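The values are calculated or read from the model by the stated rules, or taken from the named source; none is laboratory data. These numbers were taken from a predicted model, which means no experiment stands behind them. We place every Cβ from the backbone using ideal geometry, glycine too, and count neighbours over all the protein chains shown. Note: areas computed on protein heavy atoms with side chains; ligands, DNA, RNA excluded. Shrake-Rupley method; radii C 1.70, N 1.55, O 1.52, S 1.80 Å.
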Amino acid sequence: PFIQRILDFPIMQLKADGKAPTFSSDLQNISFSFSVMYRVPASQVVKLFQQYRGEPYSTLIEPRVQETLKQVTATARAEDLVKNRERVKDEALVKLRQAVGDVLQIVDLSLTNIDLSDQLEQAIEQKVVREQEALAKSFELEKERKQGEITVVRAEAEAKSVSIKGEAIKHSPEV
């Protein structure tokens, strides 16, 4: 017989979660948790079943997500990856769509969590604290400069006032 069995294959949007261990350009361990939303085009169902045993996520999507995240994270420092999470997601999504091609429709890639080592998290926190302290010191310095300028202006005004009073007394001794 031509048909041996009928398989139910979903063509609606599906969501799958995964993890991708990567390294940043400064060789820090970073682990991404992600969610991929994808859709199987009806025209690709037979091809997917024949070439990927009917399981597109584990055989097609997940390895490519991990590879694209490794490619993207290898070009940036760990701190920059955390700060520019949206850029990382956008770059990885573009690369993922290119890697998968038209076999599947990748709807979205969401980076749900970025795990850093405890030491790296502490180092980043300390750097942020130092930057905030430096900004506070700069503010204090600017405040003191302004206060100094105010003092100079007041002193000049007082000197001018004394000079004017002195001239007035000099020209009108009867006062």
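A protection proxy built from the mean count of other Cβ atoms within 10 Å ranks the segments 156-166, 116-126, most packed first, as 116-126, 156-166.
Partners of residue 160 within straight-line reach, counting lysines whose Cα lies under 29 Å from its Cα and excluding those fewer than 8 residues away in the same chain: 143, 146, 170.
Using a probe of 1.4 angstrom and keeping all protein chains present, the accessible surface of the chain works out to 70 square angstrom per residue. Straight Cα distances below 14 angstrom link residue 83 to the aspartates and glutamates 115, 121, 125, with same-chain residues fewer than 8 positions distant left out. Sorted largest first by accessible area at a 1.4 angstrom probe radius, with every protein chain in place, the residues 22, 151, 75 fall in the order 75, 151, 22.
The calculated 222 nm mean residue ellipticity attributable to helices in the chain amounts to -19000 deg cm²/dmol, summing -39500 (n - 2.57) over DSSP H runs of n ≥ 4 and dividing by all residues.
Going 7 Å from the Cα of residue 83 toward and past its Cβ, which residues in region 15-53 have a backbone nitrogen under 18 Å from where you end up? Label zone hits: 24-28. Highest-first packing order for the peptide set 11-18, 104-111 is 104-111, 11-18, based on the mean count of other beta carbon atoms within 10 Å.
Give a quick list of trypsin sites (Lys or Arg not before Pro) in region 43-125 that DSSP marks as loop, anything other than H, G, I, E or B, with at most 16 other Cβ atoms within 10 Å. List each step's numbers first, then the result.
On the way: sites: 47, 53, 64, 70, 77, 83, 85, 87, 89, 95, 97; in loops: 53, 77.
When the trypsin sites (Lys or Arg not before Pro) of region 43-125 are filtered for loop state and at most 16 Cβ neighbours within 10 Å, 53, 77 remain.
Quick one: with all protein chains in place, what share of the accessible area of the chain is carbon or sulfur, to the nearest percent (1.4 Å probe)? Exposed carbon and sulfur together represent 55 percent of the surface.
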